[in-house]
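The values are calculated or read from the model by the stated rules, or taken from the named source; none is laboratory data. Note that the coordinates shown come from a computational prediction; the quantities given were computed from them, not determined experimentally. All Cβ positions, glycine included, derive from the backbone under ideal geometry; neighbour counts span all protein chains shown.
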Amino acid sequence: MIFYEIKKTVSRTGGRIALGLLLFTLAVSCFLAVRVYYVNEEGAREYGYSAVQKLRAAQKEWAGALDEERLQAAFQENIRIRHSPEALSEDITENNIAFSRLQGIFEIRSLINESYAEGFRSYDYYLADRLTSVNAADFYQNRVRLLREWLETDAKDQFTEAEKAWLIRRYEELDTPFFYDYVKGWRRAMEYFPTLVMLAVMILGYLVAGIFSCEYQSKAEAVFFASAYGRSRAVSAKVKAGLLTVTGIYWALAGCYSAFVLAFLGADGASCPVQADLGGWKCFYHLTMGQAYVLVLLGGYLGCLFLSGLTMLVSAKTRSSVAAVMVPFGAVFLPSFLSFIQHPLMNHILVLLPNRLLDMGTTLGYFYLYPVGGQLHGAVPLLLILYTALSLVLYPMQYVEYRRLSKK
Amino acid sequence: MLLEVTELTKAFRDTMAVDHISCTLGNGVYGLLGVNGAGKTTFMRMLCTLLLPDSGAIRWEGSDIFSMGGAYRKLLGYLPQDFGYYPDFTIQDYLLYIASIKGLRPAYAKKHAEQLLQQVGLWDIRKQKMKKLSGGMKRRAGIAQAMLNDPQILILDEPTAGLDPRERIRFRNLISEIADKRLVLLSTHIVSDIEYIAGEILLMKDGKLTLTGTTQELTASMPEQVWRCTVQREQLDHYLQHYQVSNIRNTADGVELRILSASCPMAEAVPEPATLEDVFLYHFGEKAGADHDIL
Ligand SMILES: Nc1ncnc2c1ncn2[C@@H]1O[C@H](COP(=O)(O)OP(=O)(O)O)[C@@H](O)[C@H]1O
Ligand SMILES: [Mg+2]
């Protein structure tokens, strides 16, 4: 039964087109994610696998615990390069040659910019060039200090005292000095995955929307419901076919994408904390790069599972796929409209909408806290629990709904 | 093995689609005859548990079919009037899918589907997609689908609608073939479809069963006589206005009419034995006449 349900879905012309579109999106996402350049000794940009290898080699030289010694070395190296004749030259190519030498320490340099920034929310690309000295103690303490200052000034009214204390404690809990490594593979994979998932969720929605409504659209429902298992096993086969379609297609996509991107860019630095990378410096979740990526994949899966489940429920209820296919579109696009509504509570709600699951990388950076069960939590664990629970309810509801309708 | 229908009623807003129908059906072919809108489809959909009646009951061997649920549907084969299928499935896939939702074991389903495909003459094109089939082929696939579980109760709603005369004859033969040892209920608004194959005829009008019986019983019960006579063309209008005319045929001497009338319409008129078609006309009057044109 399940086999034929899936066959029904993918044998439609629309189903074929949808699958083709998914493969195309996958290819484009993979291509964009691995498009990394390396500036060579002549100051020219190189692309492709060899460029990745060179960049990786350059940054790998600096891998290790980011302690006083390594931080000093990177800082001095930056000063040295900045004061080299190539960097001071008026000629762009000469500048590029200087940049070529900077690539190995580029990420550490960015972290210094973050750490020594003027404020929690500011970032100055040239800051590291102006600093006269750095030390590891300050480097890690600045992160907490800037947060504290921000919470006392700009963000004074955004958080309760308990929330402020909670955030500061979280920041202080970060194990330092942390391990630094080349993490481009993870970072890029995380960055480009949401585009793929957002398209995937809409295409999956389109595919599963027909599982229930196709019976009515093709007027085959009379034979279906008049069959021995038309209101029992055959209905649950549809639910399972939906689950399998979503699960199979999602993990096939996520698997191909991750394998390709990580193989191409390298999976180094899986055990580095997310804070050891520019994008995660301010993050208050204590996760390694590898864990964060797994979270991104799981979030995407849960998002697809939930939104497809909702799509199927609407299709089972309305007997048509028209309203149903709108569900994932709405989920992806509606929140950006809602964000125009200015209300303190609004942002807290927006971050718990299912579209946040599709972009866990960004969600990890949100500073919204929720008091649940006497404790404060970030949005990420709540999203995971909330939508797991909702998905567990959604799929059985389809069964009940489709059976019920069948008697009119 | 009896299907008992008692006081079955279903109304849609202001129309009584099925109005206190009672009947008992056993093995054999039953022809449910009625004009469009008589309530045939509504009645059949209730027999297939697709529609809940407003009141009344349907019992199979004494048990309520709606309570029996899956156990009843195991015995049921249904070809809906508006027969839908999955356009991108091949005939074979379609049958195997339906077999699976009917709970047939795959090995048996495969064997039985093959046998049915041979019987309805679709074996050679079993790999063709459903959307590529002609109307007649689709109906045959529909019959095969209904027969998959070797049903005790086979319900066919207007199985001949839209078929050309050749396909219709073929269909009649097919139904006679498969009618053995089961209850077949076949609805139509075309008399010739069931005149010869139905053991019993249920005449349905405005949601009620107005008359039931064999063809002989029905024709014998006609209170009016059937007359054959030939009139001049100029007189045609007069006869059409004053009598129920079941057939008109142009001949060399004028127009030959078949008239239903208690009294002799004209001196030259010859009495004829009534046919089922005459009975149908007698009960449905003008409405039926309109449908006859498409014969
Ligand atoms: N779903 C429905 N909603 C409203 N009216 C209906 C519905 N189905 C049938 N009817 C009405 O019930 C009557 C009987 O229809 P139907 O059972 O389809 O007759 P038949 O099959 O003999 O042509 C008609 O007047 C029709 O308009
Ligand atoms: Mg009908």
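Per-structure values
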| read-out | value |
| --- | --- |
| Positions within region B:147-164 being within 16 Å of ligand 2 (Cβ to nearest atom) and on the phi < 0 side of the Ramachandran plot, in sequence order | B:I155, B:L156, B:D157, B:P159, B:T160, B:A161, B:L163 |
| Filter pass, B:G56 being at pLDDT below 95 and of a type outside the set (A, V, I, L, M) | no |
| Condition broken by B:L52, with the remaining ones in (1) surrounded by 15 or more Cβ atoms within 10 Å (Cβ to Cβ); (2) within 16 Å of ligand 1 (Cβ to nearest atom); (3) of a type outside the set (F, W, Y); (4) within 14 Å of chain A (Cβ to nearest Cβ) satisfied | (1) |
| In region B:83-103, residue farthest from the other protein chains (Cβ to nearest Cβ) [restricted to those that are of a type in the set (A, V, I, L, M) and surrounded by 22 or more Cβ atoms within 10 Å (Cβ to Cβ)] | B:I91 |
| Residue match in region B:199-215 (condition: charged (D, E, K, R) and modelled with pLDDT under 85) | no |
| Every residue from region B:76-101 that is among the aromatic types (F, W, Y), touching a Cys at 6+ places or on another chain (Cβ under 9 Å) and more than 16 Å from ligand 1 (Cβ to nearest atom) | B:Y86 |
| Meets criteria (of a type outside the set (G, A, S), within 24 Å of A:N142 (Cα to Cα) and in contact with a Cys (Cβ under 6 Å, 6 or more places away or on another chain)) for A:V201 | no |
| Cβ-Cβ under 7 Å pairs, at least 6 apart or on other chains, region B:16-45 side within 15 Å of B:L156 (Cβ to Cβ), far side assigned to a helix (DSSP H, G or I) and within 12 Å of ligand 2 (Cβ to nearest atom) | B:L32/B:K40; B:G34/B:K40 |
| Region B:143-177, residues that are in a helix (DSSP H, G or I), hydrophobic (A, V, I, L, M, F, W, C) and closer than 20 Å to B:I91 by Cβ | B:I143, B:A144, B:A146, B:M147, B:F171, B:L174, B:I175 |
| Tabulated pairs, region A:219-241, first at the interface with chain B (Cβ under 7 Å from one of its Cβ atoms), second among the basic types (K, R) and assigned to a loop (DSSP other than H, G, I, E, B), C-beta under 6 angstrom, 6+ apart or interchain | A:S227/B:K102; A:A228/B:K74; A:A228/B:K102 |
| Out of A:Q342, A:Q398, sole residue that is of a type in the set (S, T, N, Q), away from every other protein chain (no Cβ under 14 Å) and in a helix (DSSP H, G or I) | A:Q398 |
| Filter result for the condition that a residue is in contact with a Ser or Thr (Cβ under 8 Å, 6 or more places away or on another chain) and either among the aliphatic types (A, V, I, L, M) or modelled with pLDDT of 90 or more (or both), over B:E224, B:E158 | B:E158 |
| Count of residues meeting criterion [at pLDDT 95 or above and either under 30 Å from A:H348 (Cβ atoms) or in a loop (DSSP other than H, G, I, E, B) (or both)] in region A:121-139 | 0 |
| Residues within region B:2-40 that are of a type in the set (G, A, S), surrounded by fewer than 18 Cβ atoms within 10 Å (Cβ to Cβ) and either within 14 Å of chain A (Cβ to nearest Cβ) or within 16 Å of ligand 2 (Cβ to nearest atom) (or both), tallied | 2 |
| When residues of region B:30-49 are limited to those that are among the aliphatic types (A, V, I, L, M) and not in a loop (DSSP other than H, G, I, E, B), the one farthest from ligand 1 (Cβ to nearest atom) | B:L47 |
| Leading residue by the ranking (surrounded by the fewest Cβ atoms within 10 Å (Cβ to Cβ)) among those in region B:60-80 that are within 9 Å of chain A (Cβ to nearest Cβ) and assigned to a loop (DSSP other than H, G, I, E, B) | B:G69 |
| Enumeration of residues in region B:178-193 that are closer than 16 Å to B:L276 by Cα and either part of a helix (DSSP H, G or I) or small (G, A, S) (or both) | B:S187, B:V191, B:S192, B:D193 |
| Top-ranked residue in region B:179-197 [being touching a residue at least 12 places away in the same chain (Cβ under 8 Å) and surrounded by fewer than 20 Cβ atoms within 10 Å (Cβ to Cβ); ranked as nearest to ligand 1 (Cβ to nearest atom)] | B:I190 |
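Residue-by-condition table, conditions (1) under 33 Å from the mean Cα position of the chain (by Cα); (2) surrounded by fewer than 18 Cβ atoms within 10 Å (Cβ to Cβ):
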| position | (1), (2) |
| --- | --- |
| A:Y47 | yes, yes |
| A:Q53 | yes, yes |
| A:L66 | yes, no |
| A:R70 | yes, no |
| A:S84 | no, yes |
| A:E90 | no, yes |
